[in-house]
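For reference, the structure is listed below as structure tokens.
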Amino acid sequence: MTATIGHYCIVIAFFLALWGIIAPLLTYRTGREVFFSSTRAGILGQFILVTAASSSLIYALVTTDFSIKYVAFNTTRATPIYYRVTGLWGALEGSLLLWEWLLVIFSGLVSWVYRDRHRELMPWVLLIFSTVSAFFLAVLAFASNPFEILSPPPLDGRGLNPLLEDSNMITHPPLLYTGFVGLTVPYAFAMAALIIGRVDEAWIKTTRRWTIVAWFFLTMGNLVGAWWSYHVLGWGGYWAWDPVENAAFMPWLPATAFLHSIQVQERRRMLKIWNLSLIIIAFSLTLFGTFLTRSGILSSVHAFSSGPVGAFFLSFLAVVLLGSFGLLAYRAEHLRGQAEFDSMLSRESAFLLNNVALVSALFTIFLGTIFPLLSEAVTGVQVSVGAPYFNSVTVPLFLLLVFLMGVGPMIAWRRASWNNLKRNFLWPAAASMAVALSLFAWRIRDFLPLLGFMLSAFVVFTIFLDTVRAVRARRRLAGEGTAAALATLVRHNQRRYGGLVVHLGIVLIALGIAGSMSYSVERQATLGIGQSLAIGPYKIRFEGMRGLQQPTHFRVEAAFRILNGGSESKLYTPALKFFPNQQSPVGRAVFRSTLADDLYMILSGFSEVGRNQATLKALVRPLVAWMWIGGGVIVLGTILALWPFDVSATEQDEDRVA
Amino acid sequence: MWRRLLITLGVIAPLLWLLAFGFTRDPRYISSPLIGRQAPNFTLKLFNGEELTLDQVRGKVIFLNFWASWCIPCREEARDLEAAWRRLKDADVAFIGIDIQDKEDDAKAFLKEFNVSYPNGRDPGKIAIDYGVWGVPETFFIDARGRITYKHVGTPDTATVMAKLQEARRGLVSAAEGKGSYQPIK
């Protein structure tokens, strides 16, 4: 019953989506308003039907209706209720349904928010949304049906992969998907503007906030993924340049480039073709990511199920790429920029350089990701590309980006005068140089990390200097106190200060990456009781070991104490879990996190419990905690940029656009 | 405009072609480094109780087949292999079957069902590893000098079996592996 309701909702929604493609064309042909109204009704209908389908699947998961194959494969009777709900995105079919659900939520929102505005653009915007939605609904209806029946139903389900039973599993996929789907909004407006041939700045101003929201979710999705990898997978790392990770990261790069380069177009009416290309690429990469993950064409450590959907995604990717870039080429005559760069020393060129760095990083990562395929197609020999390639090529680009985060927001538009440069950068440059020298004197002697720390300090100093000056000026002019002056400043320049806070968050992440990439230490030793392993400033003493029978597995845990100088920590107990159905044990690493470093402990083996010997692998990873703090700062910055502090100002802004 | 459209197509089409090419291959698959090298020696305890070592049959062209009773493609090929063996057994060819990751009773039932008459035995565990087997069936062709001349992953058809045995007889080493229907080992 549930399965029938769900499946028919999807099939009917598919036909509504087809209508959503036809009706705008009829609106254009006949000029009759009724067709446009029916497009909007179609979007609302899709929203209701897909919500009903998703609710059916969640209901089936929660009530463990094992007559549905998807439920039987992704829950058990013992699964706690929240992991039953998250089973919605535990495997391919449900994830696609979640994606489609988010898509109709976004298209419904867009259709409602702009119900009285953009009368010329909207039919085409909704046509693009309906096209994307029709694609996903076709996949759900015909290729990867989440409501497939299993007959006879099994007594109990198979359940999620144990690694997925983690609280981050609740957040990571929906965050990432919201980011992916959110990029459909600027893409749809861009395409609509191209179709009607009105390629001024209107579509950019309209979609700016949507793009920031999508960017925010993309960032968080990637960060939470890294965090999950770090604390659950037990290998002490957060990023491995695996194809699936790259697939999630790649759309972030053009999206970030786009957020910066649209400011150049708003100010100077330049880079029109470039901006359109960036958003097409960003949107295509969200499809490419899913294609890569689900087609099984590249090998990945992430064991995702693949199915017949690969061919569907590739076909749709072909339609999107050829259609969008074809349209762009067709309209290119209208898109000539209206101004040229005045000087290399200007904010435009800083933003352009930022774009070049981001797109180069994208190209590098893309090439590395598909290189095994490329080399086999050309030479017949598989060559896989590992972390050293990605690190050595992207690190310099990312350092350049950190530097530009300091320069871009402060340098003048058009042409920076010597005074402007001196005023904004002299002190920060000197101070960051001093930071670098003192780090060098202390003990940091390697070039790249030293440069990384220096540039990070530079960004922080420029932001600090700029804010202090602005606050001072405000105090003098308006006679406000420091706190009040800062509050007014932020309220009146939300975009700017929100952006600066996000930059600070990125700097903290860069700090965490630089520290952990360059100064991690790893040691392994087999210890008897009372013996200890020295690593970095710490000693880890083995205190004992025990075996425990748990409901689902047998657990062997070893207890360690961290000694640092005279102080002794509490007990830490990394463990190995032996599941009856699995050949090798699943490790459970533990770590102690401080602002200076994380001490990560992995039990990699033991003799029989009676003999009391354990093999411990320990890692010291400096500054990792700052990555997660940086994530928190980005949340703050985004809220600062988007929160409607000043409603009247926001409305004026939107009205100007309309 | 046409020029721009052509450039767009020229960039996008090869990329799409490359991704489509990905469907034709299995990324986890790694070509065997053994082709052209000496076949690793082994001692196999046969189901009839005798022992067979590879060295005993040196000088003949060898058809070495890894299989398991739970493997569906192995069932598909079993009759053809037996037929090929009956046609060739008076020539200078030796067929050897090695059963891997299997239960002894199931394996014996399989051999009985298909009337397999060439020597077969169970892998004590090491032979499949020496030959880098990661699924069944896999077949190695070995020439009279003990070199592996060809490897076929999955079910080979009779024509391939005959042709590759002929090449092995002449000492020709194939450049690439062949592929047929296949099941990864557990």
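Out of the strands (runs of 3 or more DSSP E) lying entirely within the stretch A:491-610, which hold 2 or more residues that are out of contact with any Gly (no Cβ under 9 Å at 6 or more places or on another chain)? Give the steps one after another, and end with the answer.
Working: elements: A:521-528, A:532-535, A:538-549, A:554-564, A:567-572, A:575-578, A:586-588, A:590-593, A:597-606.
By residue number, A:521-528, A:532-535, A:538-549, A:554-564, A:567-572, A:590-593, A:597-606.
Given B:V57, B:V11, which one is more than 18 Å from B:P137 (Cβ to Cβ), crowded, with 18+ Cβ neighbours inside 10 Å, at pLDDT below 90 and not aromatic (F, W, Y)?
Numbers: B:V11 fails: crowded, with 18+ Cβ neighbours inside 10 Å.
One residue alone meets the criteria, B:V57.
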Exercise for review: Could you check, for the stretch A:408-426, whether at least one of its residues is within 28 Å of A:S516 (Cβ to Cβ) and outside the structural domain of A:P251 (by TED's automatic domain parsing)?
Suggested key: yes
**Study point:** The one condition in (1) closer than 22 Å to A:W99 by Cα; (2) modelled with pLDDT under 85; (3) part of a helix (DSSP H, G or I); (4) more than 11 Å from chain B (Cβ to nearest Cβ) that A:F304 fails to fulfil
**Key:** (3)
**Study point:** Which listed residue, of A:S55, A:S67, A:S111, A:S95, is in contact with a Pro (Cβ under 8 Å, 6 or more places away or on another chain) and within 21 Å of A:I12 (Cα to Cα)
**Key:** A:S95
Practice item. Confirm whether A:R423 is touching a Ser or Thr at 6+ places or on another chain (Cβ under 6 Å) and more than 14 Å from every other protein chain (Cβ to nearest Cβ). Key: no
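Given the options A:G221, A:G182, A:G234, name the one that is in the same structural domain as A:V359 (by TED's automatic domain parsing), small (G, A, S), crowded, with 22+ Cβ neighbours inside 10 Å and closer than 30 Å to A:V521 by Cβ. Step through it out loud before you land on a result.
Details: A:G221 fails: closer than 30 Å to A:V521 by Cβ; A:G182 fails: closer than 30 Å to A:V521 by Cβ.
Answer to the check: A:G234.
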Exercise for review: Say whether the condition of being within 14 Å of another protein chain (Cβ to nearest Cβ) and small (G, A, S) is met by at least one residue in the stretch B:23-42.
Suggested key: yes
Exercise for review: Would you be able to say whether some residue in the stretch A:259-275 is without any contact (Cβ under 8 Å) to a residue 40 or more places away in the chain and assigned to a helix (DSSP H, G or I)?
Suggested key: no
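Within the stretch B:73-93, can one find any residue that is closer than 28 Å to A:P308 by Cβ and among the hydrophobic types (A, V, I, L, M, F, W, C)? Show your work before the answer.
Taking the stretch B:73-93 and keeping what is closer than 28 Å to A:P308 by Cβ, we get B:73-77.
Now drop any that are not among the hydrophobic types (A, V, I, L, M, F, W, C), which leaves B:74.
Yes, the stretch B:73-93 has at least one match.
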**Study point:** Evaluation of A:I128 against (1) modelled with pLDDT of 95 or more; (2) within 13 Å of A:F189 (Cα to Cα); (3) surrounded by fewer than 24 Cβ atoms within 10 Å (Cβ to Cβ) (one fails), failing number
**Key:** (3)
Review point. Out of all the residues in the stretch B:30-72, which are part of a helix (DSSP H, G or I) and within 21 Å of B:S117 (Cβ to Cβ)?
Key: B:L54, B:Q56, B:V57
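The values are calculated or read from the model by the stated rules, or taken from the named source; none is laboratory data. Owing to the predicted nature of the structure, the values given are computational and were not obtained by experimental measurement. Glycine also receives a Cβ, built like all others from the backbone with ideal geometry; neighbour counts cover every protein chain displayed.
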